[in-house]
Amino acid sequence: MGPQLKNFTNLKFVKSYGGVLAALIALMVLFSFLSPHFLQTNNILTVLAQVSIIAILAYGMTFVLMIGEIDLSVGAIVALCGIVLGVMLSSGQGAVVSIIIVLLVGALAGLFNGFISAKFRIPTFIVTVATMGIFRGVGYAITDARPIQIEDPIILFLGNAKLFDVIPVPVVIVVMLLIVAHVLLSKTKFGRQAKIVGGNKVAAEYVGINVRTLQMKIFMITGIAAAISSILLTARLYSAQPNAAGGYELDAIAAAVLGGTSLSGGYGTVIGTFIGALIMGVINNGMNLVGMPYFYQQIVKGLIIIVAVYIDVRNKERMLSK
């Protein structure tokens with residue numbers, strides 16, 4: 001790679017992620033002053049492990065937002081998949097079979113969302129609000145609202161172990177999925193079609209893209225991402241709980257939008273989403289370290305979402321004015 005191409009690549013990276021990276025660094029500097037524990041290695045690794053669950057969920061959300069849709073049921077899918085995992089393990093199934101079933105359940109839940117919306121032309125906001133109640137209700141019904149203890153060593157390894165006694169396994173998983181999602185979204189025909197659909201669905205149909213099929217596939221990806229997040233969350237909690245992942249859908253949306261994904265569709269990157277998830281994780285961890293009460297933390301997170309949406313709207317206005 002020649003020097004000019006390197007400079008161009010670096011410039012493109014800075015232009016794409018410079019702002020969100022600057023925000024992340026600023027927050028880290030701020031919390032390092034507010035708490036002497038923030039920059040300790042164990043705390044940073046803890047933040048990364050905690051962020052992994054939301055980041056994976058947000059990868060899937062990035063695909064959905066890319067086509068101009070939204071999925072408010074992902075938190076409920078996480079809870080439902082956790083219950084399925086707990087039931088499978090408690091019935092004597094092995095970890096591998098249980099994981100495959102959980103991934104299938106997540107894919108089917110996502111497919112159900114995409115099919116109902118695409119087939120009957122119901123806005124995904126309405127569909128996923130409805131299925132959010134359905135999926136969570138099914139989870140409660142299966143266990144009679146009781147948690148299921150998780151003791152399987154393989155599942156617990158995925159959520160809690162450290163490679164070389166340093167790197168949390170969830171961090172390795174989230175980085176691997178980041179690479180896969182980035183390639184799928186930015187280097188394949190599938191990703192290009194998603195951007196076209198998000199930019200203009202009518203134009204996408206004119207150029208031969210089957211918008212309904214693409215939408216169902218993307219919702220399946222989102223469901224699978226929720227299932228993976230569920231496995232890690234269940235392992236970290238050492239139990240499957242029907243009330244798990246409450247509000248995770250908002251965190252996933254916030255992470256994606258903070259990372260530059262447009263709420264109106266047509267643009268987004270999973271790299272930006274990962275950085276956005278890091279920002280959310282740093283804020284959560286920093287507020288906990290300084291002893292901020294939970295209800296104030298909710299206020300701060302709500303304000304962050306408003307700011308992220310405002311930035312998205314302004315960016316869209318600037319693009320339209322050019």
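A few comments on the model shown:
- The charge dipole of the chain, taken about its Cα centre with unit charges on the Cβ atoms of Lys, Arg (+1), Asp and Glu (-1) only, comes to about 1120 debye.
- The stretch 190-229 and the stretch 239-307: distance between their alpha carbon centers, rounded to Å: 24
- Heavy-atom surface of the stretch 29-145, accessible at 1.4 Å and reported per residue (Å²): 41
- Of F274, F33, F164, the one that fluctuates the most in a GNM where the chain has Cα springs shorter than 10 Å: F164
- Neighbours of R121 by Cβ distance under 13 Å: Lys/Arg scored +1, Asp/Glu scored -1, total +2.
- Convex hull volume of the chain per residue (C-alpha atoms, cubic angstrom): 159
- Percent accessible area from carbon and sulfur atoms, the chain, protein chains only, probe 1.4 Å: 69
- Scaled against 2.2 N^0.38 Å for its residue count N, the alpha carbon radius of gyration of the stretch 43-137 is 1.20.
- Positive-end extreme of charge dipole, the stretch 234-322 - chosen from P293, I253, Y238 (charges on Cβ): I253
The values are calculated or read from the model by the stated rules, or taken from the named source; none is laboratory data. Note that the structure is predicted; figures quoted are calculated from it, not measured. Note: ideal-geometry Cβ built from the backbone for every residue, glycine included; neighbour counts use all protein chains shown. These area figures cover heavy atoms from the full protein model, side chains too; ligands, DNA and RNA do not enter into them. Shrake-Rupley method; radii C 1.70, N 1.55, O 1.52, S 1.80 Å.
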